[in-house]
Amino acid sequence: MSNPTPGVRSGDVEIPAIGLGTYQLENGMAQTMTEKALELGYRHVDTAQIYGNEQDVGAALAATGVARGEIFVTTKVWIDKFAEGDLQRSVDESLKKLRVDQVDLLLLHWPKPKPALAETIAALNAVKADGRARAIGLSNFPSALMEEAAGLSEAPLATNQVEYHPYLSQKTLRATADKLGASLTAWSPLAQGKVGDDPVLKAIGDKYGKTPGQVTLRWQVQQGVITIPRTKNPARLAENFAIFDFALTDEEMAAVYGLARPDGRIGDWIDAAFRWDAE
């Protein structure tokens, strides 16, 4: 697969460094924004069973003039489909909605204590082995659980998609992913718009003629983190993509890292059986 955007080598695949997140893109909006993103040069689209818009992403994939082999498609299995058999059947439904024979990346959306992780990881591997997923991975798994999952998996786990932005360190998870040969993928990379008013990010952006959001996304891809900002605004879609014509200095990277704080997490929906990393 060739892509006009830089890629991040994760497990046994290369994932485009920036993609379109489609969470809360409803009532056909996911199709509109996916088509526009592909026109702009995006080659990575992220959806999930629970988003209820796989069929809209699929319609965009069918309508675009971009070859299927040039587009990296990620979807996620919802937590009520983690059992052996249920997972495989849910993937068949996703493939039908997406109008594809294979997804490029299939993730477990959130960790759950039941069924046993070994059962779910085995089912996930089965889907990869029979060609329905090119690569597999996780979403919202803390470090200890990510390591446990990797130990149970025959295939490499390509990425762990988690909340990550300047106000949330994820230092431990980044180190764990590196150790496992995996990557992190950042959801809510712009902290749901909170970065827009940050004076540190504004000052860095002024130097390059970039917005605080562009500085943030550049900071992520410069770490080797994949980022999937979501927007309903076509102008913002183009802005988010325009991050490959400048680079941050080591000092600027450090300044953004320095914005992390203990209360920076936005989406605290993890099952009570598990705990986030301390930092």
Exercise. Just give me the residues in region 195-243 being buried (at least 17 other Cβ atoms within 10 Å of the Cβ), within 22 Å of ASP46 (Cα to Cα) and among the basic types (Lys, Arg), in sequence order.
Key: ARG218, ARG230
Exercise. Filter region 9-40 for residues that are within 13 Å of the chain's Cα centre (by Cα) and crowded, with 21+ Cβ neighbours inside 10 Å and give the result.
Key: SER10, ILE15, PRO16, ALA17, ILE18, GLY19, LEU20, GLY21, THR22
Quiz item: Of the numbered conditions (1) closer than 23 Å to ALA235 by Cβ; (2) crowded, with 21+ Cβ neighbours inside 10 Å; (3) more than 15 Å from the chain's Cα centre (by Cα), ARG43 satisfies every one except a single condition; which is it?
Solution: (3)
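Condition check ((1) out of contact with any strand residue (DSSP E or B) (no Cβ under 7 Å at 6 or more places or on another chain); (2) closer than 20 Å to ALA155 by Cβ) across all residues:
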site	(1), (2)
LEU20	no, no
MET29	yes, no
THR32	yes, no
ILE50	yes, no
VAL77	no, yes
GLU84	yes, yes
SER90	no, yes
Quiz item: Which one is farthest from GLN214 (Cα to Cα) among residues in region 5-32 that are without any contact (Cβ under 8 Å) to a residue 40 or more places away in the chain and of a type in the set (Asp, Glu)?
Solution: GLU26
Quiz item: Would you say ASP198 is at negative phi, touching a residue at least 12 places away in the same chain (Cβ under 8 Å) and over 21 Å from the mean Cα position of the chain (by Cα)?
Solution: yes
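Read-outs: derived from the displayed coordinates by stated rules, not from any lab. None of these values were measured; they are calculated from a predicted model. All Cβ positions, glycine included, derive from the backbone under ideal geometry; neighbour counts span all protein chains shown.
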